[in-house]
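Reviewing the structure listed below.
The values are calculated or read from the model by the stated rules, or taken from the named source; none is laboratory data. What you see is a predicted model, and the numbers here were worked out from it, not measured in a lab. We place every Cβ from the backbone using ideal geometry, glycine too, and count neighbours over all the protein chains shown. We work out accessible area using only protein heavy atoms, side chains counted, and drop any ligands, DNA or RNA first. Shrake-Rupley method; radii C 1.70, N 1.55, O 1.52, S 1.80 Å.
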Amino acid sequence: MAGATGKGKREAAAANSNRFVTARVLQQTARAMLPFYKRIATDRSFALQWTLLRQVGLTSRVFSSLATNGIGYFVDFPAPKPIEVYTNGTSLRPGTTQFYFNTAVHRSIARAVLPLYRELSHSRSFALLVAGAIRGSNRTLLNRLVRSLVGTKALRTVGIFESGFQLGFKYPQSQFTFYNQTFRELTG
């Protein structure tokens, strides 16, 4: 890639890594997160104490690690090589603020993504389409697939992100955009 800019090299590396995502990995991640998002969407008390993941069946037998950073959370799941670890979470962008997480927005996001995670969990053909859109860096197809199930006007952006996707939500209850993400974290 002689003469490519730093941004161009990063984009090429990210597009190259997108080839690793599979329908199986997307389905396993969605199945594991579905009970959590259902509980967040329907139980305000639980949403206030969302870190108690074991109460909804999301145990260390299913996930390999849980991380919180004051502006969100990330749950890591084991995946076959070459992915090894696949992550799902909801968070603000680092650097936007510190120690802020809005329960009402989190619940709204959980309600909004439930149909998407249900479909990913239960429909292999849908998961294949999403994985194909990610692998092919086809943002238009991914956007159409996601928006066919996530019907809220608060969904502002749909993007391909590190062998996965990110959904940007902006609700009136907060000045910040929250991101629900499913991805393979790039290292090195």
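Can you name the residue in segment 160-180 that is open to solvent by less than 10 Å² (accessible area, probe 1.4 Å) and assigned to a strand (DSSP E or B) and is also farthest from L128 (Cα to Cα) among such residues?
Taking segment 160-180 and keeping what is open to solvent by less than 10 Å² (accessible area, probe 1.4 Å), we get 163-165, 167-169, 174, 178, 180.
Adding the requirement that they be assigned to a strand (DSSP E or B) leaves 165, 167-169, 178, 180.
Working: F165: 14, L167: 19, G168: 22, F169: 24, F178: 26, N180: 20 Å.
Per the criteria, the residue is F178.
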Starting from segment 57-75, keep only residues that are closer than 15 Å to M33 by Cβ, then list their pairs with residues that are modelled with pLDDT of 60 or more and assigned to a loop (DSSP other than H, G, I, E, B) whose Cβ atoms are within a distance under 7 Å, requiring at least 6 positions of separation or different chains.
G72/F101; V75/F63
In segment 92-134, the residues that are open to solvent by less than 60 Å² (accessible area, probe 1.4 Å) and small (G, A, S):
A104, S108, A110, A112, S121, S123, A127, A131, G132, A133
Residues being free of Cβ contacts under 8 Å to residues at least 40 places away in the same chain and not in a helix (DSSP H, G or I) - total across segment 88-130
6
What do you reckon, is G151 in a loop (DSSP other than H, G, I, E, B), under 26 Å from A47 (Cβ atoms), free of Cβ contacts under 8 Å to residues at least 12 places away in the same chain and not hydroxyl-bearing (S, T, Y)?
no
Can you pull out the residues in segment 13-34 that are open to solvent by less than 50 Å² (accessible area, probe 1.4 Å) and either among the acidic types (D, E) or modelled with pLDDT of 90 or more (or both)?
A23, V25, L26, Q27, T29, A30, A32, M33, L34
Please find, within segment 35-77, the residue that is modelled with the lowest pLDDT out of those that are surrounded by 13 or more Cβ atoms within 10 Å (Cβ to Cβ) and part of a strand (DSSP E or B).
L66
